[in-house]
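Quick notes on the structure that follows.
The values are calculated or read from the model by the stated rules, or taken from the named source; none is laboratory data. Model, not experiment: these values are computed from the prediction. Because the Cβ atoms are built from the backbone with ideal geometry, glycine has one as well, and the counts that use them run over all protein chains shown. Quick note on the areas: whole protein, heavy atoms, side chains included, nothing else; ligands and nucleic acids left out. Shrake-Rupley method; radii C 1.70, N 1.55, O 1.52, S 1.80 Å.
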Amino acid sequence: MNQQTQAVSKPPKRDRSIVMSLEKEEQVKPLALNPALAVSPTVHPIGHSHDEEAARWWKSSQYLRKRRCFIWCCGCCGALVVILGVIILILALTLFKVKDPRLTMNSIHIDTLNFGSRDVNDPTNLADQISFNATLRADISLKNPNIASFKFDKSTTMFYYQGETVGVAYAPDGNIGSHSTARMNVTVDVMADQVAKTRFNFSLVGTSVNLTSFTDIYGRVNVWGIYKRDIEILLNCSMTVDLNIVGQDAKNKVCQANVR
C-alpha cells in the first residue's frame with residue numbers, strides 16, 4: 001500500500017523536465033503590459049509637451065527682445081530731443097540773440113567857417129546881407145557786437161538850424177565783421193544863407209550857434225543765412241558851434257541813439 005502511494009505521488013522524470021522547461025520560459029519571457037495602464041500615443045504623443053515648452057520660451061524671448069529694443073529706442077529718442085533742446089536754447093541765448101549795433105558820434109570838427117555880410121556898405125536890410133557857410137566833418141563809429149556780420153546801406157547825416165535843413169552828408173555802404181567797429185568820416189557843407197534871411201539874428205556875429213544833426217543807418221544782421229534781422233539805427237545830436245574859432249570841435253555835444 002505504501003509502495004503504491006509513493007509510486008503515485010512521484011511523477012515521472014520526463015514530466016518533471018517538461019515542467020522545469022516551462023518555468024524557465026516563463027521567467028525569460030517579459031510580462032505583458034496592462035492595457036489599462038498603457039499610455040495611448042494618440043492622447044499623449046511622445047515629445048509634444050517639450051515642443052510646446054520650447055515654443056513658449058521662444059515667444060517669450062522674442063517679446064522680451066522687442067520690448068528691450070522699444071525701450072532703448074524710446075530712451076535714445078528722448079535723449080536726442082533733450083540734447084537738441086539744450087543746443088537750441090544755447091544758440092537762442094548766444095548765437096541767435098542779435099544785439100543792437102551801437103552808433104556813436106565821436107566828434108564834429110569845424111574845418112572852415114565863413115560868417116559875415118555880403119555888402120557892409122548897404123545896411124538897409126542886414127538879414128539879406130548875412131552870409132554863413134561852414135564845413136563840418138563828423139567822425140562816426142558803428143560797432144557790431146554780434147557774432148554775425150552786419151551789412152548796412154548808404155546813410156545820411158542831416159544838420160539843422162532852428163528846424164531848417166542847412167546841410168546833408170552821405171556815407172557809403174559797407175559790411176562790418178563780427179565784434180568789429182567801423183569808423184566813418186562824413187563831410188558836410190553847412191550853408192545857412194537862406195535860413196539866415198528870416199531866422200538868423202545878426203547880433204550872433206562873433207558868438208555861437210546851436211545846431212542839431214540826424215543820422216539814419218539801415219542794415220541787416222545775417223546769422224549763417226538761418227536767421228536774419230533788419231535793423232535801423234537813428235542818431236540825434238545837438239551841438240554848439242563857436243563862430244570865432246576855426247579848426248575846433250563842436251562843443252556841448254549830446255547824442256541819443258535809437259534802434260528799431
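Per-structure values
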item: Full-stretch length increase - D242, D139 - with 0.36 nm per residue and alpha-carbon distance subtracted; result: 35.2 nm
item: M105 accessible area, 1.4 Å probe, all protein chains in place, Å² to nearest 10; result: 10 Å²
item: Cα centroid of segment 216-243 to Cα centroid of segment 130-186, whole Å; result: 9 Å
item: Highest to lowest packing among 52-60, 166-174, 146-154, 246-254, scored as the average C-beta count within 10 Å; result: 146-154, 166-174, 246-254, 52-60
item: Cα-projected label distance for I83 with F214, points at 7 Å along beta-carbon direction, nm; result: 5.4 nm
item: Set K97/K151; K99/K251; K97/K154; K154/K251 screened for pairs whose C-alpha atoms are more than 23 Å apart; result: K99/K251; K97/K154; K154/K251
item: Where labels lie 7 Å past Cα in the beta-carbon direction, separation of N185 and Y63 in nm; result: 8.6 nm
item: Difference of contour (0.36 nm per residue) and Cα-Cα distance, C74 to K228; result: 51.9 nm
item: Apportionment of accessible area to carbon and sulfur, segment 205-260, percent (1.4 Å); result: 47 percent
